[in-house]
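For reference, the structure discussed in these notes is given below.
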Amino acid sequence: MDTVDLFKLLSGLVIWLLGFLGGILPLAVRDLGSTIRSVLNMLAAGIFLSGSLCHLLPDASENRELSSLSCRLAGKTSEDEGGSSSSCSENYILACFFCGVGYLLILFLELFAHELQKFITRDDDHRH
């Protein structure tokens, strides 16, 4: 086994171990206070949000198919801009639009779930 294969094997094992420990961690910290769990939850949400905005959104903005779709929606063709489709995609960037819509959709879904939970627990309190 050469060094590259050994490196791949060890990397795979380390990634699997970290994933396994990350899956078991919530079971270990369930006895902690709700404040600590809330802080850990916000930390995880911030990691996912920064990963999507800093790494995935720039790649999606450079996607040719998405840029071509935004040009067609704007009513322009690549010939209108002198053969450059990049200037057309600067007018209306669908990647940022979809990112914002996805964020707002999850935000409203979470707000709805919290209100529903309040309604259900309030309804249960009145029955007793």
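The values are calculated or read from the model by the stated rules, or taken from the named source; none is laboratory data. Note that the structure is predicted; figures quoted are calculated from it, not measured. Cβ: placed from backbone, ideal geometry, glycine included. Neighbour counts: every protein chain shown. Surface accessibility is based on the protein's heavy atoms, side chains included, excluding ligands, DNA and RNA. Shrake-Rupley method; radii C 1.70, N 1.55, O 1.52, S 1.80 Å.
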Checklist outcome for this item: Over the stretch 25-42, the set of residues of a type outside the set (Ser, Thr, Tyr) and loosely packed, with under 10 Cβ neighbours inside 10 Å is Leu27, Ala28, Arg30, Asp31, Gly33
Checklist entry - Could you list, in sequence order, the residues of the stretch 61-89 that are at pLDDT 55 or above, closer than 20 Å to Gly100 by Cα and not charged (D, E, K, R)? => result Ser61, Asn63, Leu66, Ser67, Ser68, Leu69, Ser70, Cys71, Leu73, Ala74
Next on the checklist: What are the pairs with Cβ atoms under 9 angstrom where one residue, in the stretch 17-39, is of a type in the set (D, E, K, R) and the other, located anywhere, is surrounded by 10 or more Cβ atoms within 10 Å (Cβ to Cβ)? Sequence gap at least six, or different chains.
Outcome noted: Arg30/Arg37; Arg37/Pro26; Arg37/Val29
Checklist entry - Which residue pairs have Cβ atoms closer than 9 Å, lie 6 or more positions apart in sequence or on different chains, and pair a first residue in the stretch 46-62 that is part of a helix (DSSP H, G or I) with a second residue that is aromatic (Phe, Trp, Tyr) and open to solvent by 60 Å² or more (accessible area, probe 1.4 Å)? => result Leu49/Tyr103; Ser52/Tyr103; Ala60/Phe98
